[in-house]
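Below you'll find the structure, written out as structure tokens, and then a few comments.
We did not get these values from a lab; they are worked out from the coordinates using the rules stated. This one's a predicted model, so the numbers in the text were calculated from it and none came from an experiment. FYI the Cβ positions are ideal-geometry reconstructions off the backbone, even for glycines, and counts take in every protein chain you see.
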Amino acid sequence: MEKARTSEQREFQEYARRWLAENRPPPPERPLPSSPIEIMTEAHRDYLQDWQARVHEAGLVGADYPVEYGGGGHTGFQRIANQEMARAGTPMLINIVGLNMAAPTILVHGTEEQKKRFIPGCLSGQEIWCQGFSEPGAGSDMANQQTMAVRDGDNWVVNGHKVWTSLGHFAQWMILIARTSRHHKYDGLTYFLMPIEGNAGVTVRPLVKITGESGFNEVLFEDAVVPDACRLDEVGKGWTVAMTTLTHERGAAESAGGGGNAAHPIDRLVDLARNSWRDGQRASLDPVTRDAIVQQAIVAEGLKQNARRARVPALCDHPMRLPLQQKVTSTEFAQQVARLGVDIAGARSTLYKLDPAAPDAGHWPLAYMNSYGVTIAAGTSEIQRNILGERVLGLPKSK
Ligand SMILES: Cc1cc2nc3c(=O)[nH]c(=O)nc-3n(C[C@H](O)[C@H](O)[C@H](O)COP(=O)(O)OP(=O)(O)OC[C@H]3O[C@@H](n4cnc5c(N)ncnc54)[C@H](O)[C@@H]3O)c2cc1C
């Protein structure tokens, strides 16, 4: 049975709905990108950082975190806040790595001092975080880390090269996995909370994507120093700590905050079809287009209903089943929706953002190109399917 909401949770939902309706910020001067990892300008960063500070202050971010770490001290409130932010279509929360990866990992593995020092800034968005897991030779094979951290008194000295570091150009901190022993693959890894901004040995270089955006970066460490006080958990426990991060990154647990800045993708497709032409009539009257949209609407509804299973304990037999299913299906859904949008816009989808004649302000070609990133980020669809097959369904290991 799905757990019914308590009266406090219902009251909180009403409060969240009212607060969001009354406090929605005016749109920024130039439209926001489609996700936090495409933020390039300081104006967008400041706008979104200010918004996150306000929703945190209002108790809609970090609602389930303990009060002493900057949270609201509640249970089951964050899911409600996330739903209300998504429903209201309020701006996205910029500190996605801080909220969804750093804070939950520090909560599990951090010392009391680390929790008090770092979690409040993750929740309020005052300190932006990035993730330093991937390297040129360590993506799907994450344990193949070559970045080395060597102990030097109360510090560690780090040398190496990270890639695809989303938000690295704005981050003050990085969650970093580095190798502290070459003799053990998994047990030779250690997890650090690495200061990025103003750290003399750290260079952040933007990587420009096919879309022209540079939301992610490469980060080079040349004798960069991190204090031992910023080591998370024991030396050699980095793999275990990273698994906690990945569980949250792939959505296994309720994240600290949510929010989106876009209309529902199906509504957006319908609007586009109403304003596009096919065979001399509006595309919304074309049976093939209508059928294609309905097929995606069915998937959207399926995803929504599938997510509700998380609230029914008897349906959550394996902790990774639902999050991995949702990760694979929702990212592939985003790709199919973007592809359909490009099809419906037809030749006009060659008009790019900021072209005044581009339908939907150039959203569709941008969403289409970016949609390939989401089936790769946080582990590729192939890797998620392997994990689902082997660990959730118990199938024999692939070669
Ligand atoms: C938009 C975006 C944002 C990102 N942000 C960050 C970030 O902030 N921080 C960070 O650390 N990383 C980030 N990444 C990196 C991401 O985690 C890696 O790209 C991902 O894990 C894949 O690694 P790779 O690119 O090295 O590909 P590879 O691991 O080299 O894989 C190449 C291809 O081989 C397939 N493959 C590999 N191994 C197997 C296998 N065992 N079975 C079947 N198929 C396999 C993969 O599915 C893929 O198709 C980001 C990536 C993207 C696209």
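Side notes on the structure shown:
- The chain: relative contact order as a whole-number percent, Cα under 8 Å and 6+ apart: 15
- Here the 3J(HN,Hα) profile of region 309-325, calculated from phi with Karplus coefficients 6.51, -1.76 and 1.60 at θ = phi - 60°, is 4, 4, 8, 10, x, 5, 8, 9, 5, 10, x, 8, 4, 5, x, 6, 4 Hz, Gly and Pro shown as x.
- In region 1-128, a dipole from Cβ-located charges (positive for Lys and Arg, negative for Asp and Glu) runs towards its positive end, and of TYR15, GLY121, TYR69 it is TYR15 whose Cα lies farthest in that direction.
- For TRP277, the residues whose amide H sits under 5 Å from its own are ALA283, ignoring neighbours fewer than 5 places away on the same chain, with H placed 1.01 Å from N.
- Summed over qualifying helices (DSSP H, 4 residues or more, each -39500 (n - 2.57)) and divided by its residue number, the chain shows a 222 nm mean residue ellipticity of -12000 deg cm²/dmol.
- Reach of LYS327 by Cα under 18 Å, taken over aspartates and glutamates that are not fewer than 8 positions away in the same chain: GLU249, GLU254, GLU301, ASP317, GLU382, GLU390
- Calculated FRET value between HIS184 and SER140, using beta carbons and R₀ = 22 Å, to 0.05: 0.65
- Taking 7 Å steps out from each Cα toward its Cβ at VAL392 and GLU332 produces label points 1.1 nm apart.
- Of all stretches in the chain that contain no chymotrypsin sites (Phe, Trp or Tyr not before Pro) in a DSSP loop with at most 16 other Cβ atoms within 10 Å, the longest one is 1-185.
- Phi angles across region 118-127 convert, under the Karplus curve 6.51 cos²θ - 1.76 cosθ + 1.60 with θ = phi - 60°, into 3J(HN,Hα) values of 9, 5, x, x, 5, 6, 7, x, 5, 10 Hz, Gly and Pro given as x.
- Straight-line cross-link reach from LYS185 at under 17 Å between alpha-carbon atoms covers these lysines, not counting any fewer than eight positions away in the same chain: LYS237.
- At R0 = 56 Å, FRET efficiency that the Cβ-Cβ distance of GLN295 and GLN126 yields, to 0.05: 0.80
- Cα centre as origin, Lys/Arg/Asp/Glu Cβ charges: the chain dipole, Debye: 1080
- Given charges at beta-carbon only (K, R positive; D, E negative), |dipole| of region 7-128 in Debye: 240
- Using a Förster distance of 35 Å, the FRET efficiency for ARG151-GLN13 (Cβ separation, nearest 0.05): 0.10
- Full-stretch length increase - ALA21, ASN275 - with 0.36 nm per residue and alpha-carbon distance subtracted: 88.6 nm
- Dipole magnitude of region 255-358, debye to nearest 20 (Cβ charges: Lys/Arg +1, Asp/Glu -1, about Cα centre): 280
- Placed amide H near THR111: partners under 5 Å, 5+ positions off or other chain: ASP233
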